[in-house]
Amino acid sequence: MSAELIQDQTIGNIGNDYSQYGFQDKEDYIFKSGRGLTKEIVTKISEMKNEPEWMLKYRLRALDIFLKKPMPRWGNCNLLDSIDFENIFYFVRSSEKSAKNWDDVPEGIKQTFDRLGIPEAERKFLAGVTAQYESEVVYHSIREDLLAQGVIFLDMDSGLREHEDIIRKHFGTVIPAADNKFSALNSAVWSGGSFVWVPEGVKIEIPLQAYFRINAENMGQFERTLIIAEPGSFVHYIEGCTAPTYSTDSLHSAVVELIALPGSHIRYTTIQNWSKNVYNLVTKRAVAHADSKVEWVDGNLGSKLTMKYPSIHLVGPRAHGEVLSIAFAGEDQHQDAGAKMVHAAPDTTSLIISKSISKNGGRTSYRGLVKVYPNATGSKSSVKCDALLMDEKSRSDTYPTMEIDEKDVTIEHEATVSKVGEEQLFYLMSRGLTQDEATAMIINGFFEPFTKELPLEYAVELNRLIQLEMSGSVG
Amino acid sequence: MTAKQPLLSVQNLHVKVEDKEILKGVDLNIYAGEVHAIMGRNGSGKSTLSYTLIGHPRYVVTEGKILFKGVDIVEMTPDQRARNGMALAFQYPVAIPGVSVSNFLRASVKAIRGKDVPVKEFRQELKAQMKKLGVADEFLGRYINDGFSGGEKKRIEILQLALLKPALAVLDETDSGLDIDALKIVSEGINNLSNPETAILLITHYQRILNYVEPQFVHVFQDGRIVKSGGGELSKELEARGYDWVLQELTSSAVS
C-alpha cells in the first residue's frame, strides 16, 4: 500500500487505526498530540473523529475527573507511582507505531513467534507492524453471516458513527468515568475497541474475535468496548491472543462494558500477553439482568503490572456470574488480578475460580470482592483461589473481601498456595520427560480448568507457551 | 555390549536419605532375560533401592556404582535413565490433577521412543494394551492417578511399562493392595514385559505374586543389603519359614 493512499485514508477516516499499517515515513501527515494530557488534546481527538457534541462533553468531564482523582493507594503503589502521565502521548499511536517495522521488534518476541509456529502474517500483526491477518476471505463470510442475523460488530469509532442512538443510551452506564482514575482516563481519550449488539434471541455460534472486523483496531492503548446482548441472545467474544503482543506503549488502560439483558448469555474471553514493559490497567464490568449469565474467562500472562478485576453486577433474579482467571508472573512481573461479584437480586449465583503461578521472583495477587445486598435472598457464591509457587523468591498474596448484608445466603471461600511437588516432578521425569517438560505438564494441568474453556487452538497455543516459559526460552 | 555383560550391575551401593544411611553395600547383577525378586521386611530398604535405581533426587549415592548397560548412571537424571531403558512401577504413584492419562502416556512414549507416534497408531497400541490389562476407556480422559483406587493405580503403572517397553522394569510392591483377580491380570502384564532382551526386578514383601511371576533369582533384603540369594525355590521357603529363618541362619553362620 502506498504512502499516498494511506495518507488519504488517514485524513478521511481518522477513527480507524491507521497506525497499524506500518508505513515508515511518518510524522509528515499524521496528527500527533504533545506529551501530557490537556483539554486541547482531548478536544482535538474528538474533533478529528468527527464525534457528536455529547461525546466531546463526556470526554472533557472525564478528563476533569481523571485530573482530580488521586492515584489508587492499593495494588502495587510503587509501580503505579512510576507511571509518568506527563510523558505519554495520548493520541500518537500513529507515529509511534508507524515508526515500527519488523526490524524494531525485539529478538525475544520474534523467537517466541518462531517457537510457537505463528504464521508470518500473524506475527507482523501481533507485533503491530501490519493491519490484519491476511485471511480476509474467511472472515468476510463470517461477517456476512453476522450481518444476516442482524448482529452489529464494529470498532467503537465506527459504532458511534453508525449507531449513535444505541451507544449514547449505554455508553458509560456500566462503568462511569468516575469509577476510578483509569476508567476516567480511558473515558477522556478512548479510541478503538469493539461495539457488539446482539438482537433478541440470536445465538452467535462462533466466537467473535476482534480481527473479524474490517479496519480493526485490535489492540489500542485506550480501547473501549461495549457489548449488549438483547434478551435470550448469546455471544462469545474473544480478545487478545496467546502469542506475545509487542507494544511500545507503556500504558494500556481499556474499559469493557457488558450488558446482559434478561435470559441472555455473554462469555468474554481474554488472553493478555503484552510485552513486559506494559502497564495493563483495565476496568471490566458486566451488568447481568434476570436469568442471564455472564462469564469472564481471563488469562494474564504478559505485562509488567496488570491490575484487573472483572466484575459482574447481578441485578436481576437468578442471574449467574462466573469469573475464571489465570495469571502467570515471571521475573519483574506483578499480576494483581481478581474478580468482583455484586449480588443485588434474589437467587443470584456466582463462581470465582482464580489460579496463579509465580516464577523467578514474579508476584501474583488475588484481589476479590463478593458483595451481597440486603434482600438478595437465596444467593450463592463460591470463590476458589489456587496459587502455585515455582521457587522461594516468588510471591503470592490473597486479598479476599466479603461484604455480606443478607443472612439467607451461601458463601464459600477456599484458598490454597502450593509448590510444584518434588514427587510429581520425579514421577513424570521417571517416564522420560525432562524437568522442563515435566514442570510444564504439571502447570498445564494446574491451568486445565481454564484452558478447557478456551477454543481448542487457543488452548493448544497456551500450553505451548507455558512450555516455552518453563524452558526459560521466552524473552 | 557382549552377551556376558550384565544389564544392571549394582556394586557396593551405599545410599543416604537425609543423612541417614539406608543402603549399606548392595551388590546385584541382572542379565537380560532374567527375572529377579527382592524380598524383605518393611523398612529393610527395598523401596530405597528402587528409587535409587531410577534416580530420585533425595536418595544420595555415597559409595558404589550402578552400571546400566555398562555405563555408570549415578550422575544421570531420572529422565535420562528412563530414556536409557529403565522404568519403575511405583508403589504409590502420585496424582497430577489436570493432566489426562492419554496426554501423559503420549508424552512419555514420545520421550522414551525419541519420536512422535502417529495418533492413530498410538491409539491402537494403547487400546490393545488397555484391553489386556482390563483398563476401561474412560481412564484415558481421567487425570493421572487422581482419585484412582489402589488397584487402578497399579494397572495404570503396568500399562505404562507395557507401552514404554523398558530394558529393565523395576516393580515396587506392585502386588500390594490387589485382590486375587487383579493380581492375576497384573502378573500377566508383568510376564508380557519379559523377553530375552529385557529383565525384571520385582520388589515385594509377599510371596504370593511369585506364584504368577516366577523369578529365576530371589534375594533377601535385610538392613540395607542383600543377605541371601537363591533360586525361585527360596521364595517358597521364605513363605513357609518366614524371614526370621534367614536371619537366624545368618546369625548362626556368623557364630560358627
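The values are calculated or read from the model by the stated rules, or taken from the named source; none is laboratory data. Remember, it's a predicted structure, so these values are computed and weren't measured experimentally. As a convention, Cβ positions derive from the backbone with ideal geometry for all residues, glycine included, and neighbour counts pool all protein chains shown.
So the values come out like this:
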quantity	calculated
Among the residues listed as B:Ser187, B:Ser176, the single one being part of a loop (DSSP other than H, G, I, E, B) and among the small types (Gly, Ala, Ser)	B:Ser176
Options A:Ala290, A:Ala286; residue that is on the phi < 0 side of the Ramachandran plot and in contact with a strand residue (DSSP E or B) (Cβ under 8 Å, 6 or more places away or on another chain)	A:Ala286
Criterion (within 20 Å of A:Ser191 (Cβ to Cβ) and either surrounded by fewer than 18 Cβ atoms within 10 Å (Cβ to Cβ) or at pLDDT below 85 (or both)) met by exactly one of A:Asn50, A:Asn78, A:Asn101	A:Asn50
Selected residue (only one of B:Gly33, B:Gly43 is away from every other protein chain (no Cβ under 14 Å) and either within 29 Å of B:Gly150 (Cβ to Cβ) or in contact with a Cys (Cβ under 8 Å, 6 or more places away or on another chain) (or both))	B:Gly43
Options A:Asp165, A:Asp179: the member that is more than 23 Å from A:His236 (Cα to Cα), crowded, with 17+ Cβ neighbours inside 10 Å and of a type outside the set (Gly, Ala, Ser)	A:Asp179
Segments classed as helices (runs of 4 or more DSSP H), wholly inside the stretch B:41-118, with at least 1 members that are more than 16 Å from the chain's Cα centre (by Cα) and more than 22 Å from B:Glu21 (Cα to Cα)	B:78-83, B:101-113
Qualifying position, being touching a strand residue (DSSP E or B) at 6+ places or on another chain (Cβ under 9 Å), within 11 Å of chain B (Cβ to nearest Cβ) and hydrophobic (A, V, I, L, M, F, W, C), among A:Met402, A:Met390, A:Met441, A:Met429	A:Met441
Residue in the stretch B:228-253 that is nearest to B:Ile209 (Cα to Cα), counting only those that are within 20 Å of the chain's Cα centre (by Cα) and outside any helix (DSSP H, G or I)	B:Gly232
Flag for A:Ser382 being touching a residue at least 40 places away in the same chain (Cβ under 8 Å), more than 14 Å from chain B (Cβ to nearest Cβ), not basic (Lys, Arg) and not in a loop (DSSP other than H, G, I, E, B)	no
In the stretch B:83-125, residue surrounded by the most Cβ atoms within 10 Å (Cβ to Cβ) [restricted to those that are of a type outside the set (Val, Ile, Thr), in contact with an Asp or Glu (Cβ under 8 Å, 6 or more places away or on another chain) and closer than 20 Å to B:His56 by Cα]	B:Leu88
Considering residues of the stretch B:80-94 that are at the interface with another protein chain (Cβ under 8 Å from one of its Cβ atoms) and among the small types (Gly, Ala, Ser) only, the residue farthest from A:Leu433 (Cα to Cα)	B:Ala87
Residues of the stretch B:222-256 that turn out to be of a type in the set (Ser, Thr, Tyr), at pLDDT 85 or above and crowded, with 16+ Cβ neighbours inside 10 Å, as a count	1
Selection count where residues are free of Cβ contacts under 8 Å to residues at least 24 places away in the same chain and more than 9 Å from every other protein chain (Cβ to nearest Cβ), scope the stretch B:97-112	1
Residue among B:Asp175, B:Asp179, B:Asp137, B:Asp146 that alone is surrounded by fewer than 18 Cβ atoms within 10 Å (Cβ to Cβ) and modelled with pLDDT under 90	B:Asp179
Residue in the stretch B:61-79 that is farthest from B:Asn42 (Cα to Cα), counting only those that are away from every other protein chain (no Cβ under 14 Å) and among the β-branched types (Val, Ile, Thr)	B:Val71
Tally, over the stretch B:207-221, of residues that are within 21 Å of B:Gly43 (Cα to Cα) and surrounded by fewer than 20 Cβ atoms within 10 Å (Cβ to Cβ)	2
Checklist (1) under 17 Å from the mean Cα position of the chain (by Cα); (2) surrounded by fewer than 20 Cβ atoms within 10 Å (Cβ to Cβ); (3) away from chain A (no Cβ under 14 Å) applied to B:Ile38, failing item	(2)
Members of the stretch A:417-426 that are of a type in the set (S, T, N, Q) and away from chain B (no Cβ under 12 Å)	none
Verdict on A:Glu414 being in a loop (DSSP other than H, G, I, E, B), of a type outside the set (Gly, Ala, Ser), more than 11 Å from chain B (Cβ to nearest Cβ) and touching an Asp or Glu at 6+ places or on another chain (Cβ under 9 Å)	no
